[in-house]
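As C-alpha cells, the structure follows; a few thoughts come after it.
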C-alpha cells in the first residue's frame, strides 16, 4: 500500500488509555485466579494477532477488495467535503446579511462566536478535516439561525426604546436605537424620518418649553411665535402643527363675541357677503356653536328674500318691456328658489302665453297668406285671444290690429292688368274665360291665381298671378308663341 493510497483513508486519532488504579492484593487464591485469566487472555490475543498477520495481507492482496476499500474512502471524503463547502457558502451569505444588519451592535458576543466558528470550519476544511469542519460549521449555523430569527424582535425592542428616548429628549440614545432598527429593517420610513429629526431635537424641546411658559403667562402670540420657529426647523412635525392649531383656536375664542357682533351688523346693513365672511371666522372658532348656526340661517333667509324680490322686480320690468322670454327665465329662476311661489307660477304661465301669441301673430303677418280660409280662421282666432289678454302689452295689441287690417285688406279687390297678342285665348282659373285681347283689366281679391293661354297650332302657356292686399301688381303678359 503506497503513501498515496494511505491519504484516502480517514485519519483516526489515538485514544489515550487511562492509567489503571492500583489495587491491594486480596488473598493469595484470588490473586492466583486473576493471574491465570490474564495469562489466558494474553495467549488468546497473541493467537489472534498472528492470525491477522498471516491472513490480512492475503485478504488485502485480493484485487477487488483493495480497490473497493479505496473507492469507499474516497467517496466518503468527497461527500464530507461537498457538505462542508455547501454549508460554508450558505453560512457566509447569511453572515453577510447579518453583518449588513449591524449584528455586532446588538449581539456582539454571539456574532463574534458565530464568525470564529465559521472561520474555524473553513480552516479545518482546508486541512481536509471535513468532519471537524462540519462540526464547527454546524455550531456556527445554530448561532446564525438564532440571530436571524431574533432580528425582528430586536428591531421592535429598539424601535420602542428609540421612541421612549425621543420623547424624553435624549437625542443620542434615540439615534442609536433608530440606527439599529434601520440596519435590520431599512424600509421603516417612520423611523428613518425620526432619525433625521434627532439632529435638531434639543432645539425643538427648548422652543416647546419656551412656548408653554409663554402660554402660562397669557402671551398666546409669543407662544405661537416660538412654535412657528420650531415648525421652521421641523416642517413635518405633526405635534407642533397640532399645538399651533390649538393656540390659534385659543387666541381666536377670545374674539368670538366681537366677530358675531360684526356678523349681525352686516346683516342689518344687508351686506350679506361681509356677514358670511365674518360668520366663517366665527365658525372656525366654534363650528358647533348655536349662535353660528342661527346666524347662518338668518343670512340664508335674508339672502333668499332679497334675491326673490330682485328677481320679481326684474321679471316685472321684462314684462313691461314685453320681453317675454327674459320674463319666463326670471320666473323660472324664482321657482328654483321656491317651487311653491304662486306669484312666480302665475307670472311664468302669463309670460309663456303672451310669448306664444306674439310669435304666432308675427309669423302669420310675415306669411301674408290671408286669402286662404285656414289662414283667415287662424288670424281671427289670434285676434280674439289677444283681445282677452289682461296685461299691458301694447306691442301685442298692435300685432292684433295689424292682423285685423290684413284680414280687411285681404277682402278688398285689387286692380290687375293682363296683356296678350289678341290671338291667344285667356282663361283665369276661379274667375273664368276672358277670351283674346291685347289689354284687359279686372279686379281680384288678394290671392294666387293661375292664368292659362291657348291658341290653335301653338303650345299652351301657363302663369301664376300673385295678388297681394293693397298692392297693384305689375301687368302680366301671356301669349302663345311656340308653334306645334
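At 0.36 nm per residue, and after removing the present C-alpha to C-alpha distance, how many nm does the segment from residue 229 to residue 286 gain when stretched out fully?
Details: separation 57, 0.36 × 57 = 20.52 nm, distance 2.70 nm.
Full extension from residue 229 to residue 286 adds 17.8 nm.
Simple spin-label model, 7 Å along Cα-to-Cβ: residue 387 to residue 76 in nm?
Distance between label points: 13.6 nm.
Could you tell me the center-to-center distance, by alpha carbons, between region 381-439 and region 190-208 in angstrom?
One Cα centre to the other: 100 Å.
Find how much the distance from residue 448 to residue 366 grows on full extension, using 0.36 nm per residue of separation minus their present alpha carbon separation; answer in nm with one decimal. Please list the in-between numbers first.
Numbers: separation 82, 0.36 × 82 = 29.52 nm, distance 1.64 nm.
Answer, rounded to one decimal: 27.9 nm.
Run the paramagnetic zone check for residue 409: 7 angstrom along Cα to Cβ, then residues of region 449-484 with backbone nitrogen under 17 Å.
Backbone N within reach: 466-474.
What percent do you get for the relative contact order of the chain when only Cα pairs under 8 Å and 6+ apart count? It would help to have the intermediate numbers written out before the result.
Working: 515 pairs, mean separation 27.5, N = 484.
About 6 percent, as a whole number.
I'm checking a number: the convex hull volume of the Cα atoms of the chain, normalised per residue, in Å³. What is it? Display every interim value, and only then the final one.
Values: hull volume 271.8 nm³, N = 484.
Dividing the Cα hull volume of the chain by its residues yields 562 Å³.
What's the exposure ranking of 227, 343, 285, going from fewest to most Cβ atoms within 10 Å? Don't skip to the answer; put the middle values down first.
Numbers: 227 29, 343 15, 285 19.
With the fewest neighbours first, 227, 343, 285 line up as 343, 285, 227.
Suppose R0 equals 22 Å. What FRET efficiency, 1/(1 + (r/R0)^6) with r the Cβ-Cβ distance, do residue 417 and residue 376 give to the nearest 0.05?
Working: r = 27 Å, r/R0 = 1.21.
Rounded to the nearest 0.05, the efficiency is 0.25.
For region 135-175, build the convex hull from the C-alpha positions and give me its volume per residue in Å³.
Numbers: hull volume 2.4 nm³, N = 41.
Output value, Cα hull per residue: 58 Å³.
Over 20 Å, how big is the tail of the calculated P(r) for region 85-184, in percent of all Cα pairs?
Details: 2189 of 4950 pairs.
Of the Cα pairs, 44 percent sit more than 20 Å apart.
In what order do 95, 163 fall by count of nearby beta-carbon atoms within 10 Å, going from fewest to most?
Numbers: 95 19, 163 16.
Least crowded to most crowded, the residues run 163, 95.
Considering all projection directions equally, how large on average is the shadow of the alpha-carbon convex hull of region 321-411, in square nanometres?
Values: hull surface 24.5 nm².
Projected over every direction and averaged, the Cα hull of region 321-411 covers 6.1 nm².
Considering only DSSP beta bridges with both partners in the chain, what is the antiparallel share in %, to the nearest 5? List each step's numbers first, then the result.
Values: 21 of 23 bridges.
Percent antiparallel among DSSP bridges in the chain is about 90.
If you take all C-alpha pairs in region 443-484, what percent of them are over 13 Å apart? Show your work: numbers first, answer last.
On the way: 492 of 861 pairs.
Within region 443-484, distances greater than 13 Å cover 57 percent of Cα pairs.
Could you let me know the centre-to-centre spacing of region 279-326 and region 103-180, using Cα atoms, in angstrom?
Each part reduced to its Cα centre gives a spacing of 74 Å.
For a quick size check, give me the Cα extents of region 374-484 along its three principal axes, largest first, whole Å.
66, 21, 19
Using only the alpha-carbon atoms, how far is helix 108-126 inclined from the longest principal axis of the chain? Give it as 0 to 90 degrees, nearest 10.
On a 0 to 90 degree scale, this one is about 70.
If every alpha-carbon in region 414-477 counts as one equal scatterer, what log10 I(q)/I(0) does Debye give at q = 0.11, 0.13, 0.16, 0.24 1/Å?
Debye intensities relative to I(0), on a log10 scale: -0.23, -0.32, -0.48, -1.03.
Compactness ratio of region 211-351: Cα Rg over 2.2 N^0.38 Å, N = residue count?
Values: Rg = 23.9 Å, N = 141, 2.2 N^0.38 = 14.4 Å.
Dividing the Cα radius of gyration by 2.2 N^0.38 Å gives 1.66.
Express the Stokes-Einstein translational diffusion coefficient of region 211-272 in µm² s⁻¹, to the nearest whole number, given a Kirkwood radius over alpha-carbon pairs, 25 °C and a viscosity of 0.890 mPa s. Let's see the in-between values first.
Numbers: Rh = 13.3 Å.
Taking Rh from Cα pairs, D becomes 185 µm²/s.
I need 323, 338 ordered by Cβ neighbour count within 10 Å, fewest first. Walk me through the intermediate numbers first.
Numbers: 323 16, 338 12.
In increasing order of surrounding Cβ atoms, one gets 338, 323.
Below 8 Å between Cα atoms, with a sequence gap of 6+, how large is the relative contact order for region 414-477 in percent? All intermediate terms of the calculation are to be shown ahead of the outcome.
On the way: 133 pairs, mean separation 24.4, N = 64.
Worked out over region 414-477, it gives 38 percent.
Expected output is a single nm value to one decimal: the length gained when fully extending between residue 316 and residue 352, i.e. 0.36 nm times separation in residues minus the C-alpha distance. What is it?
Value of the extension gain: 11.6 nm.
Bear in mind that the values in this text are calculations on the coordinates, not laboratory data. Worth saying up front: this structure is predicted, and the values here are computed from it rather than measured. When we count neighbours, we look across all protein chains shown, and the Cβ atoms used for this are built from the backbone with ideal geometry, even at glycine.
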